[in-house]
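Notes follow the structure.
The values are calculated or read from the model by the stated rules, or taken from the named source; none is laboratory data. None of these values were measured; they are calculated from a predicted model. Glycine gets a Cβ as well: all are built from the backbone with ideal geometry, and neighbour counts include every protein chain shown.
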């Protein structure tokens, strides 16, 4: 049992070592590992994709994409620009916490991050719903050690051998068992997995997850499964996920996990570079107490815009794929920009976010945290400290129309 689950932590440490030694540059379009780095990392892994050349990016390697996602969702790494402006995976203080844990604790942290934070609805085809995931874990729970589970059209989990194959690969990474591939299969809508052979650890852990931890699963459709199975959801505020998941291992082998962000001192002066292009940007300093609403007004003033439209900030991506924090007038039930402080963002130097102003014209600004100064007294108001390039016309088309109108009058 020990040797089985330790495969997971050993694989993950290979990813960490590769990232620290190779310091791969992320692709400009998706911010992910490129073909060459993905290929090199794949060769180091036990659960490798059978490829003969660097023809695939990170998202086409199920295990590599999983490990990178766990690193980002667990805040062990962030996507940030280095001193040369290259986007890389930059380690955070959380990584040191993770490496200081014993292997049981490391495994639980990775599984907890996956179970509670992995973006299932973004990563999987829309037909791979919570019912299919539940049925897959139930199939494993009801199986026997070393007996292969094959695709069954009537099982409710058959989609996991085709569109949802990534899920079985992920279970393999977490040491639940091994996948057997269909030779020659390539398409995402045909069966690529012939069978899944669970081990005793996978059987017992699947049963534990369905019985104790399903309530914490990061999917909106979890409630439908709970209703169907007549299971009552736990009050999440009554028990943290770690307090449940640590019981996967008995005898108090798991006592610690990666510390929460509240243990870090977020106070200081935050200097951001706000850019419309490489030759048009402003540097603005704010206090950790200032809100994103204050930042919005500072950007408006720095670029000579009029505060006459809705806006939003986006973390973990731009306005198409990032996590939004809307202004009060556009809020949709989440935290608003006016009530979110700079410290609340839990940013690290080099980290990037996006600011979108005017949802019609879509003025999109790249916002990079240059540094955090914890020695200088925080300013009472945001300060514009450096500029480059002439501010653009907020309504260039209107200006052209006015010129045309004047010409007609003449």
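A few remarks follow.
- Sole exception among (1) under 16 Å from residue 214 (Cα atoms); (2) in a loop (DSSP other than H, G, I, E, B) for residue 152, by number: (1)
- Tally, over the range 28-46, of residues that are touching a helix residue (DSSP H, G or I) at 6+ places or on another chain (Cβ under 8 Å) and either surrounded by 14 or more Cβ atoms within 10 Å (Cβ to Cβ) or over 28 Å from residue 315 (Cβ atoms) (or both): 11
- Given (1) in contact (Cβ under 8 Å) with a residue 40 or more places away in the chain; (2) touching a strand residue (DSSP E or B) at 6+ places or on another chain (Cβ under 7 Å), index of the condition residue 137 fails: (2)
- Test result for residue 99, more than 19 Å from the chain's Cα centre (by Cα), part of a helix (DSSP H, G or I) and either in the same structural domain as residue 10 (by TED's automatic domain parsing) or closer than 23 Å to residue 175 by Cβ (or both): yes
- Enumeration of residues in the range 262-303 that are assigned to a helix (DSSP H, G or I) and either in contact with a helix residue (DSSP H, G or I) (Cβ under 8 Å, 6 or more places away or on another chain) or modelled with pLDDT of 95 or more (or both): 292, 293, 294, 295, 296, 297, 298, 299, 300, 301, 302
- Number of residues in the range 79-96 that are in a helix (DSSP H, G or I) and over 13 Å from residue 257 (Cβ atoms) equals 3.
- Matching residues in the range 106-131 - criterion: being more than 19 Å from residue 66 (Cα to Cα) and either touching a residue at least 40 places away in the same chain (Cβ under 8 Å) or part of a helix (DSSP H, G or I) (or both): 131
- Yes/no for residue 239 being under 23 Å from the mean Cα position of the chain (by Cα), within 30 Å of residue 343 (Cβ to Cβ) and at pLDDT below 95: no
- The range 153-165: number of residues that are touching a residue at least 12 places away in the same chain (Cβ under 8 Å) and either surrounded by fewer than 21 Cβ atoms within 10 Å (Cβ to Cβ) or more than 23 Å from residue 44 (Cα to Cα) (or both): 9
- Complete set of residues in the range 26-55 that are part of a strand (DSSP E or B) and in contact with a strand residue (DSSP E or B) (Cβ under 6 Å, 6 or more places away or on another chain): 26
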